[in-house]
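Worksheet: the structure to be examined is printed underneath.
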Amino acid sequence: MTPDLILTNARVLTMDAGRPEAEAVAVAAGRIVAVGARAEVERLAGPETRVIDAGGRTLLPGFVESHLHLVLGGAELAHLQIGGLHGAEALARAFRSFAEAHPERPLLMAQGADYGMLDRPVTRQDLDAILADRPIAMTAHDHHTVWANTSALRAAGILHGAATPHGHEVVMGPDGLATGELREFEAFAPVIALGGEARLNLGIATGEEPSPWPAEAEQAIDRAKVARGLAHCAAHGITSMVNMDGNRYTLELLRALQREGGLTARVKVPFHFKPHMELAALARAEEMRRDFDDEWLSSGFVKMFMDGVIDSRTAYLLNDYPGMPGLRGEPLFSPQRFAEIATEIDRRGMQIAVHAIGDGAVRQTIDGYEAAQRANGRRDSRHRIEHIEMIDRADIARLGALGITASLQPPHPPGAMDFPLQPTLEVIGRDRWSDSYLWRTLAEAGASVAFASDWPVTDVSVLRGIGAALTRAPYEGCADERLGLMATLQAYTAGGAWAAHREAITGRIRPGLAADLVLLGGDLLAADPGEIGGMGIALTICGGRVTHAGVGFA
C-alpha cells in the first residue's frame, strides 16, 4: 500500500521494545505501515505521498492522557483563569476586569484558586468586597472546593445551607449562613448551574443523566465546548484520553462529533458509580459498554471516588491530620460496601478506576480489589487507583502483586509544577512526606504506571508534565521519586494505552497500529529537562489525520 504520509529525518522513539528507535515512519489509511531507516521508508513514497522532513525533531507515539476531564476542561477554557495569583488586590483586579468584559454572564466563574491565595480561609465576605452585586465564584485548583460570594449563594439557593450527600458540604458559619466555602461536587453544583453548565457537570457530580434530555440546540452548545477541549488537547500532542467522569450524555456528545468528523482523539468514558446508587445501576454501565465500543469511542469501565483531597482535609487518612486530633477524613464507601461493588463490577468483566488520595482511601481500595479477585478469580482486569498521593509502606507491594495500575499525575506534587509547597506539605505533616507521591517506589515494587495531568486540575501540557516529572526536587529528608526520561515517556504513551486496554490500537510506533503520532518542536534527547516544557508541539496526527499543526507544518 502506497503511504499517504511519510515523516522522515526524525529522531523516532517508538516505545516498542522490538525496535526502540528509527528515522522515519510511513502512514497509510490511518495505520502505521513502515518504521525504519530514512532511505528504506522514503523509498515507499508514491506521487501522492506527502513527505514531511522533521528536521531532526523527536517523533513519539501520540500522547495518552490517562486521566482528564475533557468536558469540564473544554467549558472552563472560557472562564477566568487565576492560577498563580496571590493576594486580595490581584484577585480583585482580575475579577473586575473579567466582569467588565462579560456583562452578560449570570455567573463570573474563576479557575485555579489556591488554598493559600489570601493567606487565610476565604469567605463570601472576601468575594463580596470584590463584587457584591453579581454572582462570582472561584474553583480551587484541585476542583474539590468552590468559594462563592453572597450573591451567588443566594441565587443558588444555598445561602442558608443545603442538604448534601455524605462527603459533600456547604460550610456554615456561626451566623447560620453559608461561609462561602463549598466542599465537593454536590455542594457546589447549584452554583455551577448558575453559569448554565449543570448538564456538563452531571458526569462528575451525580453520575446521572440530564432530565429532561437536552434539546438539539442545547446539545450543540455543549458539543462546541467539548470540541474546544479536544482542540486544546490536540495542540498538546494528545491523541488518546481517558475521561475520568461521565455518563451516556457525555458519550452521545462525543458520538455526534464523531459522526461530524470532529472527534480528534480516541476517548474512553466511564460510568460514574456514586454512593447513592444500587448495584442494579451497573446495568447502565453495561449498556454503555455495549453501545460504545470502537477504536475511537469506548466505555467499559466504572469510576468511583473513595475520598476527597489533602488541602481541604477530605482525603481519608489512616492517622489524624497534624494538629487535628480525631480528624482523618472519611471514605465515601464503607469497606464492606466498596468490596461488594468492586466484586460485582469485576464479575461483569469491567474495569474499575478509583480516586484515592489519602493512605486510608488507597488501602481500602486495594482491599476491595483483593476481595474481588478472591471472589472472581484473577483476570486481566487492570483495575486502577487514581492519584495515590499518600500510601502506607505496607501497601506498596500489594499493587504489583494484585495487578493494580498506579495512575499518577506528575504536575500534582507540591513544588513540581504549578502547585505551591504550602499549605499541602503542612497538611500532610513532616513525618509523612516520605510516604507521599511515591512514583519510583511504586514502579520499582511492580506497579504498572500511567501518567496524566487531571486537566483542568492542572495544565494539560504533556511536555510540561514530562518536565515536572524529570525536575521534581525531593522533599527534605525524602528519597528521589523521579522516574527516568524513557520510563516517563512510557507512562505517557504505551503505559497509558495498556492501562486503558488499548495497547492493540495505540501507544507505540509499530506497523499495524494506529497512526497516532506527535512530532515535538525539538530533539527531546538533547534537551535539558528544564527546557522540555517549552519545546512545543510541531504536529499532532491521530488516525493518520493531522489534528494540530504548528508554524511551518500547516
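The values are calculated or read from the model by the stated rules, or taken from the named source; none is laboratory data. Predicted model, so just to flag it, every value in this text is computed and none were measured. Heads up, the Cβs are rebuilt from the backbone with ideal geometry, glycines too, and the neighbour counts pull from every protein chain shown.
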Restricting attention to the stretch 7-20, which residues are surrounded by fewer than 19 Cβ atoms within 10 Å (Cβ to Cβ) and in contact with a Ser or Thr (Cβ under 7 Å, 6 or more places away or on another chain)? P20
Going through (1) modelled with pLDDT of 95 or more; (2) outside any strand (DSSP E or B); (3) closer than 30 Å to L489 by Cα one by one, G246 fails only at (1)
Could you pull out the residue among G203, G116, G176 that is assigned to a loop (DSSP other than H, G, I, E, B) and in contact with a Pro (Cβ under 9 Å, 6 or more places away or on another chain)? G116
Checked W433, W439 against criteria (closer than 23 Å to H69 by Cα and hydrophobic (A, V, I, L, M, F, W, C)); the one match is W439
Test of understanding: among L513, L485, which residue is more than 13 Å from F63 (Cβ to Cβ) and buried (at least 19 other Cβ atoms within 10 Å of the Cβ)? L513
Selection count where residues are crowded, with 22+ Cβ neighbours inside 10 Å and either free of Cβ contacts under 8 Å to residues at least 60 places away in the same chain or under 30 Å from G522 (Cα atoms) (or both), scope the stretch 222-245: 13
Looking at the stretch 449-459, is at least one residue at pLDDT 95 or above and more than 21 Å from H355 (Cα to Cα)? no
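So if I check each of G533, G496, G522, which one is surrounded by fewer than 23 Cβ atoms within 10 Å (Cβ to Cβ), under 20 Å from the mean Cα position of the chain (by Cα) and either among the acidic types (D, E) or not in a strand (DSSP E or B) (or both)?
G533
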What single numbered condition from (1) touching a residue at least 40 places away in the same chain (Cβ under 8 Å); (2) within 16 Å of L438 (Cα to Cα); (3) not acidic (D, E) fails to hold for I385? (1)
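Let's see how each residue does on (1) of a type outside the set (D, E); (2) touching a Lys or Arg at 6+ places or on another chain (Cβ under 8 Å); (3) more than 29 Å from P275 (Cβ to Cβ):
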{"site": "T139", "(1), (2), (3)": "yes, no, no"}
{"site": "T150", "(1), (2), (3)": "yes, yes, yes"}
{"site": "A162", "(1), (2), (3)": "yes, no, no"}
{"site": "H168", "(1), (2), (3)": "yes, yes, no"}
{"site": "G203", "(1), (2), (3)": "yes, no, no"}
{"site": "K225", "(1), (2), (3)": "yes, no, no"}
{"site": "L230", "(1), (2), (3)": "yes, no, yes"}
{"site": "H236", "(1), (2), (3)": "yes, no, yes"}
{"site": "S240", "(1), (2), (3)": "yes, yes, yes"}
Of the residues G161, G167, which is of a type in the set (G, A, S), under 30 Å from Y316 (Cβ atoms), touching a strand residue (DSSP E or B) at 6+ places or on another chain (Cβ under 7 Å) and outside any helix (DSSP H, G or I)? G161
